[in-house]
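What follows is one structure encoded as structure tokens, with my remarks underneath.
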Amino acid sequence: MTRRESTLEIQTRSGTEPPDPTLPHVARPTAAPQTPDHVPFLGIDGLGVIEGKLSDDPIESQRQIIDDAGLRVSVSAARILTILPQPRNLPKPARARFPGPNDLDARLEAWQTGLEKLVALGTETVLVCTGAAGEFSPEAARSAVIESLRVMAAMAEDAGTRLAVEPMREASLINATIITSLQDTLELLDDVGDDDIGIVFDVEVKGPGDPGVR
């Protein structure tokens, strides 16, 4: 690959602001029609798509914007980002915006709906976070995550893409994750037993001072 690849959060609402050549390598444009205009400045050929930031326009027209710019969707995330539901009764500063039902089967069903939309955009990988244990015991939370990852990996394969899991920083144990390092993630995936599941490592979420980062 001759061009650097990064991920951009993408929104498919209209935008008219001209591109800024001073934008850093990792940028977050506010609109998909605007995003391709930034690409020559950034040397990027892959985008990250977040389902919750897509518009209500037909998915085909949103795919066309990406294709016309010569881009690919290298990684994406469904609206249902976490396997486990957000814990209840969190203090306001700890509340994350992880929508979806509390029932695990209902979350899987909703996630699959998002998966189908992201596959229609051509995504190569769909990431998921474990979610926090919350009201589950640590053992029950881990068991639920393992079983769900097995099901989700099969759904992703059947849809023509790949599943990946993302560890989060230790501060997110309260609301977003049960894994906080690469070692945690590898051990979890060993328990899942599916070698096709990948790892997404976000340097914005996991900095050099976080455990497991070398």
Evaluate the following for A110: is it surrounded by fewer than 18 Cβ atoms within 10 Å (Cβ to Cβ), assigned to a helix (DSSP H, G or I) and touching a strand residue (DSSP E or B) at 6+ places or on another chain (Cβ under 8 Å)? yes
Considering region 190-199 alone, what residues qualify as being surrounded by fewer than 20 Cβ atoms within 10 Å (Cβ to Cβ) and in contact with a strand residue (DSSP E or B) (Cβ under 7 Å, 6 or more places away or on another chain)? D196, G198, I199
As an exercise: evaluate K117 against (1) touching a helix residue (DSSP H, G or I) at 6+ places or on another chain (Cβ under 9 Å); (2) farther than 24 Å from R150 by Cβ; (3) of a type in the set (D, E, K, R) and give the number of the one condition it does not meet. (2)
List pairs: first residue in region 116-129 and over 14 Å from Q62 (Cβ atoms), second residue charged (D, E, K, R) and assigned to a loop (DSSP other than H, G, I, E, B) anywhere in the structure, Cβ distance under 8 angstrom, at least six positions apart or on different chains. L127/E166; V128/E166; C129/E166
Positions within region 33-62 being at pLDDT below 85 and part of a helix (DSSP H, G or I), in sequence order: T35, P36, D37, H38, V39, P40, F41, L42
Pick from I80, I65: which is more than 18 Å from the chain's Cα centre (by Cα), modelled with pLDDT of 85 or more, under 19 Å from T123 (Cα atoms) and surrounded by 14 or more Cβ atoms within 10 Å (Cβ to Cβ)? I65
Right, A94: modelled with pLDDT under 95, within 17 Å of E166 (Cβ to Cβ) and touching a helix residue (DSSP H, G or I) at 6+ places or on another chain (Cβ under 9 Å) or not? no
Take region 117-141 and flag every residue that is surrounded by fewer than 13 Cβ atoms within 10 Å (Cβ to Cβ) and of a type outside the set (A, V, I, L, M, F, W, C). S137, P138, E139
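The values are calculated or read from the model by the stated rules, or taken from the named source; none is laboratory data. What you see is a predicted model; the values in this text were computed from it and never measured. A quick note on method: Cβ atoms are made from the backbone with ideal geometry, for glycine too, and the neighbour counts reach across all protein chains shown.
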